[in-house]
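Pasting in a structure now, in structure tokens, and then I'll have a few things to ask.
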Amino acid sequence: MDLSAKENNRRVAAILYEAAEILNARGERFKPQAYAKAARAVEALREDIAEVSGPGELEKIPEVGTHIAAKICEIVGTGGLSYLEKLRKELPEGVQELSGIEGIGLKRVKVLVKEFNVRNVRDLEAAAAAGRVRDLPGFGEQNERRILVTIRGSSAPGRGPFSATSCRLRRRSSLHWPATPQRAGSALPGLSGGGRSRLVISISS
């Protein structure tokens, strides 16, 4: 498999992983696992996902059912997923930015909101600087240090204000690319080569 095919598969998987993460934070029972399994299956493909997205082809991939196959077709065809955009919009304000910090996911954001009423990056920085984050379940001293390094490093002179994107975080779910219309079976947008439940997270005190 050439590099462009591998990148195509990785980017499709990244969108599925992000959907799985948000669904998991919402408290959904089965969908998170389904999306995560499909993402792993796409990552493991030897073929370019853009070349096997024809009618009935995606369902031949292990762990990819009809529902998620339709989502993958949309990703291959447009470079984005409207369902994921909907999920992102349902996240409380500030949650997506917080979950983009290295060492934190949506589940950990939920803990921070519950314990310290953290609403934004500056609230988190203050809590971590005071040594309060390390004692929370699932964090520890190492993650607390990583959080501070990420936030403060991104705010160094010449780097501009903090954003999850500016930190260049190494999280699969943070990958996005332009939603440029694209014919299924060709290279994914932005790449070269041939190939309703209530939110569990709440920011109220």
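Here is a yes/no grid of residues against (1) aromatic (Phe, Trp, Tyr); (2) buried (at least 19 other Cβ atoms within 10 Å of the Cβ):
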| residue | (1), (2) |
| --- | --- |
| 11 | no, yes |
| 16 | no, yes |
| 19 | no, yes |
| 25 | no, yes |
| 30 | yes, no |
| 36 | no, yes |
| 39 | no, yes |
| 44 | no, no |
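Does residue 64 satisfy the condition of being crowded, with 19+ Cβ neighbours inside 10 Å, outside any helix (DSSP H, G or I) and assigned by TED's automatic domain parsing to the domain that holds residue 33?
So residue 64 fits the description; yes.
Could you list, in sequence order, all residues of the stretch 80-139 that are assigned to a helix (DSSP H, G or I) and aromatic (Phe, Trp, Tyr)?
83, 116
The values are calculated or read from the model by the stated rules, or taken from the named source; none is laboratory data. Keep in mind it's a predicted model, so treat the numbers as computed, not measured. All Cβ positions, even for glycine, are placed from backbone atoms using ideal geometry, and neighbour counts span all protein chains on display.
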